[in-house]
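Worksheet: the structure to be examined is printed underneath.
Where a number appears in this text, it was derived from the coordinates with a stated rule and is not lab data. Note that the structure is predicted; figures quoted are calculated from it, not measured. In this analysis, Cβ positions are derived from the backbone assuming ideal geometry, glycine residues included, and neighbour counts consider all displayed protein chains.
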Amino acid sequence: MDDRPIGMFDSGFGGLTVARAVIDLLPGEDLVYFGDTGRYPYGPRPLDDVRAYAQQIADLLCGAHDVKVLVVACNTATAAALDVLRKDCPVPVIGVIEPGVRAAVAATRNGRIGVIGTVGTIGSGAYQTAVLDTGKDVRLTCASCPGFVELVEKGETGSDQAYVLAERLLAPVRQAAVDTLLLGCTHYPFLARTIGDVMGRGVVLVSSADETAFEVRAVLVDRRLTATPGRAGEHRFRSSGEVTWFRELGSRLLGPELGDVEEWRWD
């Protein structure tokens, strides 16, 4: 048994969708979540910068918090830094792109899949590569959605502005007649109702959160890293930005598990 925590990070609140799935699936595991809200959003930033941020956070979680597995709960950071982190980190590293792609490929009926994400994620080609790696005969249509992350970070997920923006940004995947839409950013599930309304009932929305949680469980079991049976997990949250706002919005998005938030300042 290994009672060290699971480490997880994102540019802000989006990774809380993954945290929610992990907490629900693995209630006995401790979790340390780092929201890099002081430097969000990652999507428009150069991938080299995102890679450097991810390495900083990984060092913090693996060092100061002695995590036993690291979850990159950010699609842009996964695209930019997953290979480097897997090489450099002393613990298993799990991203959110591959689990989401597997779920989307399994869900499609007509072989037409859409992926939406940040400019950085879509521009990296990571989803295109991951779909090719499955070996499945599917047609992929990608669209970047600048502005979605900012709406979530402001707590404006149900606003008229969100709907108007979604209608415009989702036009390419609607025109491609996809029957499955992969939400290629961990922030986007918070906009699922708006996205679903725009796409229509015939389109299945796939979030990588649940699939990532299943992968975390599989890695813990395979590496014999599961926590002591019967214990209740503890959850810690750190933010590099305004902790009051992180606590208020984060608790609405995640639930009662998000209590106190510890402040972190980069030197």
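Build a GNM of the chain with springs between Cα atoms under 10 Å: which of ALA54, ALA103, ALA73 gets the top mean-square fluctuation? Comparing ALA54, ALA103, ALA73 in a Gaussian network model of the chain, the most mobile one is ALA103. Annotation for segment 1-35: chymotrypsin sites (Phe, Trp or Tyr not before Pro) lying in DSSP loop with at most 10 further Cβ atoms inside 10 Å of their Cβ do not exist.
Of LYS136, LYS87, LYS68, the sequence from fewest to most neighbouring Cβ atoms within 10 angstrom is LYS87, LYS136, LYS68. In segment 150-251, the C-alpha radius of gyration followed by the widest Cα-Cα span (Dmax) gives 17.8, 50 angstrom.
Sorting 21-27, 178-184 by their mean Cβ neighbour count within 10 Å, with the most densely packed peptide first, gives 178-184, 21-27.
Note that segment 97-208 carries a Kirkwood radius of 13.8 Å, evaluated over its alpha carbons pair by pair.
Taking amide H positions as modeled 1.01 Å from N, with prolines and chain starts lacking one, the residues under 5 Å from ALA73 and 5 or more places away or on another chain are PHE9. Across the chain, the longest piece that holds none of the GluC sites (Glu not before Pro) lying in DSSP loops with up to 14 other C-beta atoms within 10 Å covers 1-155. If I histogram all Cα-Cα distances within the chain using bins 10 Å wide from 0, what percent of pairs lands in each bin? Distribution as computed: 7, 32, 37, 20, 4, 0 percent.
List the lysines whose Cα lies under 16 Å from the Cα of LYS68, skipping any in the same chain that are fewer than 8 positions away. Qualifying lysines at Cα under 16 Å: LYS87.
Loop-located trypsin sites (Lys or Arg not before Pro) in segment 204-246 (DSSP state not H, G, I, E or B) with no more than 13 neighbouring Cβ atoms inside 10 Å: ARG223, ARG224, ARG231. A simple packing score, the average count of other Cβ atoms within 10 Å per residue, orders the peptides 77-84, 37-44, 169-176 as 77-84, 37-44, 169-176, with the highest score first.
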